[in-house]
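My structure is below; once you've seen it, I'll send some questions.
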C-alpha cells in the first residue's frame with residue numbers, strides 16, 4: 001500500500017468517525033425528547049408524529065416512511081443504539 005492509499009484510508013476513517021459521532025448525538029437527542037415528552041404528559045403515551053417532527057395530523061404513510069428512516073439510523077449494525085432501536089421497532093410495529 002503506497003502513501004496516497006494510506007492517506008485516503010485515513011481520510012475515510014475520519015469521515016466514518018464523524019458520521020458515528022453525528023449518529024450518537026441523534027440518539028442522545030431522541031432520548032432527551034422522549035424523556036421530556038414523558039415528563040410533560042406524565043405517561044408513556046407515544047406520539048410518533050410529534051417525535052418525528054411532523055404535523056400532529058400527518059398522514060399514516062408519511063409517519064411510517066419517516067419512522068423507517070429513524071429505525072435505519074438507530075440500527076445497531078449502523079452504529080445506532082440497540083435499546084432505542086428495539087423500543088422504536090415495537091412502536092413502528094404497532095402502527096402497522
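For segment 76-88, which residues satisfy the criterion of being surrounded by fewer than 15 Cβ atoms within 10 Å (Cβ to Cβ) and more than 15 Å from residue 34 (Cα to Cα)?
Within segment 76-88, 76, 77, 78, 82 qualify.
Okay, residues lined up against (1) in contact (Cβ under 8 Å) with a residue 40 or more places away in the chain; (2) under 10 Å from the mean Cα position of the chain (by Cα); (3) in a loop (DSSP other than H, G, I, E, B); (4) more than 22 Å from residue 23 (Cβ to Cβ):
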{"site": "57", "(1), (2), (3), (4)": "no, no, yes, yes"}
{"site": "63", "(1), (2), (3), (4)": "no, no, no, no"}
{"site": "67", "(1), (2), (3), (4)": "no, yes, no, no"}
{"site": "80", "(1), (2), (3), (4)": "yes, yes, yes, no"}
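Same structure, new question: All but one of (1) closer than 25 Å to residue 17 by Cα; (2) modelled with pLDDT under 80 hold for residue 45; state the number of the condition that does not hold.
Every listed condition holds for residue 45 apart from (1).
Scan segment 86-96 and tell me whether some residue there is out of contact with any helix residue (DSSP H, G or I) (no Cβ under 6 Å at 6 or more places or on another chain), at pLDDT below 80 and part of a loop (DSSP other than H, G, I, E, B).
yes
Can you find a residue that is modelled with pLDDT under 90, surrounded by 13 or more Cβ atoms within 10 Å (Cβ to Cβ), more than 11 Å from the chain's Cα centre (by Cα) and not in a helix (DSSP H, G or I) anywhere in segment 48-55?
Yes, because at least one residue in segment 48-55 is modelled with pLDDT under 90, surrounded by 13 or more Cβ atoms within 10 Å (Cβ to Cβ), more than 11 Å from the chain's Cα centre (by Cα) and not in a helix (DSSP H, G or I).
The values are calculated or read from the model by the stated rules, or taken from the named source; none is laboratory data. Small disclaimer: the values here were computed from a predicted structure and weren't measured. Cβ coordinates were reconstructed from backbone atoms using ideal geometry, including for glycine residues, and neighbour counts include every protein chain displayed.
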